[in-house]
1. Among the residues of the stretch 26-42, is any on the phi > 0 side of the Ramachandran plot, assigned to a loop (DSSP other than H, G, I, E, B) and touching a Ser or Thr at 6+ places or on another chain (Cβ under 6 Å)?
2. I'm trying to understand the selection: among the residues of the stretch 63-99, which are outside any helix (DSSP H, G or I), among the small types (G, A, S) and within 30 Å of P129 (Cβ to Cβ)?
3. Would you confirm whether any residue within the stretch 225-233 is part of a helix (DSSP H, G or I) and surrounded by 13 or more Cβ atoms within 10 Å (Cβ to Cβ)?
4. Listed residues F251, F277; which is more than 24 Å from N15 (Cβ to Cβ), aromatic (F, W, Y) and either assigned by TED's automatic domain parsing to the domain that holds D45 or at pLDDT below 90 (or both)?
5. Between V303, V298, which is of a type outside the set (S, T, N, Q), part of a helix (DSSP H, G or I) and surrounded by fewer than 19 Cβ atoms within 10 Å (Cβ to Cβ)?
6. May I ask you to verify whether A48 is without any contact (Cβ under 8 Å) to a residue 60 or more places away in the chain, crowded, with 18+ Cβ neighbours inside 10 Å and in a helix (DSSP H, G or I)?
7. Scan the stretch 235-260 for residues that are surrounded by 14 or more Cβ atoms within 10 Å (Cβ to Cβ) and more than 21 Å from G71 (Cβ to Cβ) and report the count.
8. Is it fair to say F213 is touching a residue at least 60 places away in the same chain (Cβ under 8 Å) and either assigned by TED's automatic domain parsing to the domain that holds S172 or not in a helix (DSSP H, G or I) (or both)?
Amino acid sequence: MLDSNVLSVITVTYNSRNEIESFVNSVKQQGVEIRLWLIDNASSDGTADIIMDIAKERKWISVKLNKTNIGLAAANNQPLAHLSSLYTAIINPDVIIHPGALKSLIVYLENNPDTVAVAPVNIDEDGVPHSSFHKRWSLFHLLIWRLLPAQITQKIYKAFRTYDEQDVLFASGSCIVMRTADLQYIGGYDPEYFLTVEDVCDLCIRLRKGNTFKRVVITPSAYITHFRSRSAAVVPFVTLWNGVRGSIYHFHKHRGLLAGIAAYGILLISLILRILFALPQSMLSARHRESINNNFKVISRMVCDNPLDIKNGVS
């Protein structure tokens, strides 16, 4: 029998007005009592008003409206001291949680004490699973992730991925469930990550607390439909710059200075190549002109605001 105070869900919104109501409705269909924390990161599209209206009718929802965009990692940490549930789920607003999925993930943790975090299989709108986890994260992965177009990267993953139950290095932050005590013990996310794939990689590494026998698991006993990167698409420069910054920081933090320098070089080269590839089409395409401008701005930031200088991260 699951405890009545079993699950807290933390969801950070940013310009999420088109998906937040569907997300909240899916939270209600989980077969377990939930306390939902909606944290808005200074949306400009009216999301804050919508979530305030949603919360008025639902006492199980708490809302925090940030005056500025403090980043995904830092916003996810804001309810941390107030959590009293046995388990906590971090979930993006651009998902639909299939009925009973969160209950299945909680049961998995209850039955597997060696598992520190568990995540569902992510599927697209057409019902096809897509990559939402990694078994390793190396400089080679960074090269593929940042150099190749996203469509090609996804095709590569789709060709070689399986979606049976398996141990992974980390799962997507689109939906991941862990024990609240573990999350509070490590202090939540490292807030030096603003918005990047490595934020949850770092979280999963730290949840293990150096114990290689601790597991992070993907299980097909639970599914979510993930619409992917809708909020990020609204602010391409912010997304690109903080992805670059977070990646360099991650390899510096976990692999040392030489790895951080290597990540810096990989990302600098990838930005230059993206500019060169976009140039021939920029005369006729506003999208390619914007891409060139954003990549130039990120290169400038890399020089003026060197990501290798970060010194305030969480160990």
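The values are calculated or read from the model by the stated rules, or taken from the named source; none is laboratory data. All of these numbers come straight from a predicted model, not from anything done at the bench. Cβ sites come from the backbone with ideal geometry, for glycine too, and all protein chains shown count toward neighbours.
1. Yes, the conditions are met somewhere in the stretch 26-42.
2. Hits for the stretch 63-99 are G71, S85, A89.
3. Within the stretch 225-233 (the criterion being part of a helix (DSSP H, G or I) and surrounded by 13 or more Cβ atoms within 10 Å (Cβ to Cβ)), the answer is yes, since at least one residue qualifies.
4. So the residue among F251, F277 that is more than 24 Å from N15 (Cβ to Cβ), aromatic (F, W, Y) and either assigned by TED's automatic domain parsing to the domain that holds D45 or at pLDDT below 90 (or both) is F277.
5. None of the other options fit; the residue is V303.
6. yes
7. 2
8. Against the criterion (touching a residue at least 60 places away in the same chain (Cβ under 8 Å) and either assigned by TED's automatic domain parsing to the domain that holds S172 or not in a helix (DSSP H, G or I) (or both)), F213 qualifies.
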